[in-house]
């Protein structure tokens, strides 16, 4: 299945949003111009983790995501959009994503 078809599917039904309509096209074309940097995303996630901790809840997936975002920041990719995580995860899965 073409990535553009997969990512475009939500836009044709109730799952779609303004966010997915814009970002899906950018992800398909590998346009990672910053709209929300890894640093900003990590800050937002860390605030949620802190609140969950205050409430006695653990958020292991959010914690892992925060660490992954920190790896983008540490590697100098903070000037790009947080969605560059797509490429990083593809590489970690021994996959290569090509535009289109």
Next item on the list: For residues that are without any contact (Cβ under 8 Å) to a residue 12 or more places away in the chain and part of a helix (DSSP H, G or I), scanning just the stretch 65-86, find the one that is farthest from residue 49 (Cα to Cα).
Entry: 74
Notebook entry, point to check: Across the stretch 57-66, what is the total count of residues that are under 24 Å from residue 83 (Cβ atoms), surrounded by 10 or more Cβ atoms within 10 Å (Cβ to Cβ) and more than 13 Å from the chain's Cα centre (by Cα)?
Noted result: 2
Item checked: Sole residue being exposed (fewer than 12 other Cβ atoms within 10 Å of the Cβ) and more than 17 Å from residue 6 (Cβ to Cβ), chosen from 54, 70 -> 54
Next item on the list: With respect to residue 45, determine if the residue is closer than 17 Å to residue 83 by Cβ, modelled with pLDDT of 95 or more and in contact with a helix residue (DSSP H, G or I) (Cβ under 9 Å, 6 or more places away or on another chain).
Entry: yes
Check: Which residue, of 50, 24, is without any contact (Cβ under 8 Å) to a residue 24 or more places away in the chain, in a helix (DSSP H, G or I) and over 16 Å from the mean Cα position of the chain (by Cα)?
Finding: 50
Check: Do we have any residue at all in the stretch 37-45 that's in contact (Cβ under 8 Å) with a residue 60 or more places away in the chain, on the phi < 0 side of the Ramachandran plot and in a helix (DSSP H, G or I)?
Finding: no
Check: So residue 87 fits all but one of (1) closer than 25 Å to residue 1 by Cα; (2) out of contact with any helix residue (DSSP H, G or I) (no Cβ under 8 Å at 6 or more places or on another chain); (3) exposed (fewer than 14 other Cβ atoms within 10 Å of the Cβ); what number is the exception?
Finding: (3)
Check: Residues 56, 16: which one is modelled with pLDDT of 95 or more, out of contact with any strand residue (DSSP E or B) (no Cβ under 6 Å at 6 or more places or on another chain) and not in a helix (DSSP H, G or I)?
Finding: 56
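The values are calculated or read from the model by the stated rules, or taken from the named source; none is laboratory data. Remember, predicted model here, so these are calculated numbers, not experimental data. Note that we place each Cβ from the backbone using ideal geometry, even for glycine, and neighbour counts take in every protein chain shown.
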